[in-house]
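Heads up, the thing below is written out as structure tokens.
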Amino acid sequence: MIVFQEFKERFRRVYGIEPRVFSAPGRVNLIGEHTDYNDGFVLPMAIDRRTYVAAAPRQDQRVRCASTGFDGLVEFDLSAPLKPAEDWANHVRGMAACLLRDEFPLRGADLLVSSEVPVGAGLSSSAALEIAVGLALLKISGQPVDPVDLALAAQRAEQEFAGTQCGIMDQYIACLGIAGHALLVDCRSLEYEAVPIDLSGTRIVICNSMVRHDLAAGEYNMRRAECEKAVRRLAAHLPGIHSLRDVESEEFDLWAGALPEVIRRRANHVITENARTLAAVEALRKSDFTQFGKLMYASHESLRDDYEVSCRELDLLVEIARGCAGVFGARMTGGGFGGCTVNLVRGDQVENFITTITQAYERETGLKADCYVCQASGGAREEQ
Ligand code: GLA
């Protein structure tokens, strides 16, 4: 947990002035995976691990950033062209570049970053950083903040500076998350519905596999291209479709045979995942965790077999969870190829679950999974 007084004190030691503090959360996606860039539905929630940015404006156009996790200051100038670079501040630069392109007149800034969101675990540490930095830069420049516009600018920063052709989910939930709720986001209209999560007898437990396979970014962009190919092929038979969101499952059954085998499986995942996500929202509204859990398992199988973005470690975590008492459902969450699973577990079985899964996982892989019970928390904000 971050201690504000110490964090502000550290800022004062580095820069000699008093900062304002902004933050944005990491996220876990309950269901609706690899659907966002297909104009589909997702059901993420913001988690109670956040990235904090202490910030103060400067009189010139320079941005200086320090981090509690890395040594040294990274500096750049807002009046010079900003390009990607391989340092931790790449996302900071990307965010500044995209806000400037949106014609926000940003002031120079001194920044200090500190994060509770594990990096590379598929819990969107980069979106949390982009959004917290974006909010800080806008606020200290006296600019208005529209959360959807901020999310869209951060998505472009991710695409252009990190090179992942990501969808909108991570940046959107980091801006708009609501405590106690998951958000059903329609990634076409960018509207959401807040769905309360009744945690009276059930907990959401994240298990970090502690692996991240290198393929992630390249394979992600490849999946996106495969979906676009599916749309182009299907459009020959279904004129007027713009994305896999527009394809009804009956129509897909009729025309799936016209697609090459791999493309067919990718499209099948997206089309069935959209349906599962809407069904999961119904189940959540009724606190029907048994049904929700079944949909989670089905989502995992589809990601593993049709979309092929899981890996041995994630499959293992899901299989172990399936054998534990009190588990309603489990699935990989986020982009895949490592990272975390999300598990829906009966409250009185959580301790048992964590002990069993960490022991069994370590026995099989030699790795110590990190498990945390998480709460649905709020989106980006200024800390008082
Ligand atoms: C990553 C991307 C998101 C989304 C997920 C998969 O987290 O940043 O836009 O596509 O993968 O659902």
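The values are calculated or read from the model by the stated rules, or taken from the named source; none is laboratory data. These numbers come from a predicted model, not from an experiment. A quick note on method: Cβ atoms are made from the backbone with ideal geometry, for glycine too, and the neighbour counts reach across all protein chains shown. Heavy atoms of the whole protein, side chains included, go into the accessibility calculation; ligands, DNA and RNA do not. Shrake-Rupley method; radii C 1.70, N 1.55, O 1.52, S 1.80 Å.
The C-beta contact set for segment 249-262 (first residue of a type in the set (Ser, Thr, Tyr), second residue modelled with pLDDT of 95 or more, distance under 8 angstrom, 6+ apart or interchain) comprises Ser249/Ile271; Ser249/Thr272; Ser249/Ala275.
In the condition set (1) in contact (Cβ under 8 Å) with a residue 40 or more places away in the chain; (2) open to solvent by 60 Å² or more (accessible area, probe 1.4 Å); (3) of a type in the set (Val, Ile, Thr), Thr290 is compliant with all but (1).
Among the residues of segment 170-181, is there at least one that is open to solvent by 40 Å² or more (accessible area, probe 1.4 Å), away from the ligand (no atom under 14 Å from the Cβ) and among the aliphatic types (A, V, I, L, M)? Scanning segment 170-181, I find at least one residue that is open to solvent by 40 Å² or more (accessible area, probe 1.4 Å), away from the ligand (no atom under 14 Å from the Cβ) and among the aliphatic types (A, V, I, L, M), so the answer is yes.
Tell me, please, whether a residue that is open to solvent by 10 Å² or more (accessible area, probe 1.4 Å), more than 13 Å from the ligand (Cβ to nearest atom) and of a type outside the set (Val, Ile, Thr) can be found in segment 150-158. Within segment 150-158 (the criterion being open to solvent by 10 Å² or more (accessible area, probe 1.4 Å), more than 13 Å from the ligand (Cβ to nearest atom) and of a type outside the set (Val, Ile, Thr)), the answer is no, since none of the residues qualifies.
Within segment 58-80, the set of residues being part of a strand (DSSP E or B), more than 17 Å from Lys8 (Cα to Cα) and more than 26 Å from the chain's Cα centre (by Cα) comprises Arg62, Val63, Glu75, Phe76, Asp77.
Among all positions in segment 122-134, there is no residue which is more than 16 Å from the ligand (Cβ to nearest atom), open to solvent by less than 40 Å² (accessible area, probe 1.4 Å) and more than 17 Å from the chain's Cα centre (by Cα).
Here Gly94 fits the description: under 19 Å from Cys166 (Cβ atoms), open to solvent by less than 30 Å² (accessible area, probe 1.4 Å), within 16 Å of the ligand (Cβ to nearest atom) and touching a helix residue (DSSP H, G or I) at 6+ places or on another chain (Cβ under 6 Å). With respect to being in a strand (DSSP E or B), away from the ligand (no atom under 16 Å from the Cβ) and open to solvent by 40 Å² or more (accessible area, probe 1.4 Å), Val345 falls outside the description.
Can you tell which of Arg232, Arg224, Arg188 is out of contact with any Lys or Arg (no Cβ under 8 Å at 6 or more places or on another chain) and open to solvent by 60 Å² or more (accessible area, probe 1.4 Å)? Being out of contact with any Lys or Arg (no Cβ under 8 Å at 6 or more places or on another chain) and open to solvent by 60 Å² or more (accessible area, probe 1.4 Å) holds for just one of Arg232, Arg224, Arg188, which is Arg232.
To keep it simple, each residue is scored yes or no on (1) touching a residue at least 12 places away in the same chain (Cβ under 8 Å); (2) in a loop (DSSP other than H, G, I, E, B); (3) away from the ligand (no atom under 16 Å from the Cβ).
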| position | (1), (2), (3) |
| --- | --- |
| Ser299 | yes, no, no |
| Tyr307 | yes, yes, no |
| Leu317 | yes, no, yes |
| Arg331 | yes, no, no |
| Val350 | yes, no, yes |
| Ile354 | yes, no, yes |
| Thr358 | yes, no, yes |
| Lys368 | yes, yes, yes |
| Cys371 | yes, no, yes |
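Looking at segment 196-221, which of the residues that are surrounded by fewer than 18 Cβ atoms within 10 Å (Cβ to Cβ) and among the small types (Gly, Ala, Ser) is modelled with the highest pLDDT? Taking the candidates together, the pick is Gly201.
Step by step: first the residues of segment 1-42, then only those that are part of a helix (DSSP H, G or I) and within 16 Å of the ligand (Cβ to nearest atom), then the one that is nearest to Ile178 (Cα to Cα). Which residue is that? That would be Asp36.
Restricted to segment 269-287, and to residues there that are without any contact (Cβ under 8 Å) to a residue 40 or more places away in the chain and among the charged types (D, E, K, R), the residue that is surrounded by the fewest Cβ atoms within 10 Å (Cβ to Cβ) is Lys286. Condition test on Val113, is it open to solvent by 40 Å² or more (accessible area, probe 1.4 Å), under 30 Å from Cys207 (Cβ atoms), among the aliphatic types (A, V, I, L, M) and more than 13 Å from the ligand (Cβ to nearest atom)? When the stated conditions are applied, Val113 does not pass them. Residues considered: Leu100, Leu106. Of these, the only one that is aliphatic (A, V, I, L, M), more than 14 Å from the ligand (Cβ to nearest atom) and out of contact with any helix residue (DSSP H, G or I) (no Cβ under 8 Å at 6 or more places or on another chain) is Leu100. On the stretch given as segment 43-76, residues that are buried (at least 20 other Cβ atoms within 10 Å of the Cβ), under 30 Å from Asp186 (Cα atoms) and away from the ligand (no atom under 16 Å from the Cβ) total 3.
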